[in-house]
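One structure is given here, and the rest of the page talks about it.
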Amino acid sequence: MDQEAARTARESLDLAFRMSNILDTGLDRHTLSVLIALCDLGVNPEALAAVVRELHREPSSSVTMPSPLQTQNQ
């Protein structure tokens, strides 16, 4: 990716992140970036939105993922 394309992508993500904050979605910049990338790959945005809504409804204790440090030390 050339510098101009990288700058444009960064600016687009910044704008999407600001809109996300205004709408109080609770999405962090990394998550938003992943969702945008999935849409760019052709994933249905409505399906992604449904998954995100469902994950927000789940109690955080029901989903436990090991930290990268835990998996590296084993």
Which condition from (1) open to solvent by 60 Å² or more (accessible area, probe 1.4 Å); (2) in a helix (DSSP H, G or I); (3) modelled with pLDDT under 95 is the one that residue 46 breaks? (3)
Residues of region 19-42 being exposed (fewer than 13 other Cβ atoms within 10 Å of the Cβ) and assigned to a loop (DSSP other than H, G, I, E, B), in sequence order, are 23, 24, 26, 28, 41, 42
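The values are calculated or read from the model by the stated rules, or taken from the named source; none is laboratory data. These figures come from a predicted structure and were not determined experimentally. FYI the Cβ positions are ideal-geometry reconstructions off the backbone, even for glycines, and counts take in every protein chain you see. Heavy atoms of the whole protein, side chains included, go into the accessibility calculation; ligands, DNA and RNA do not. Shrake-Rupley method; radii C 1.70, N 1.55, O 1.52, S 1.80 Å.
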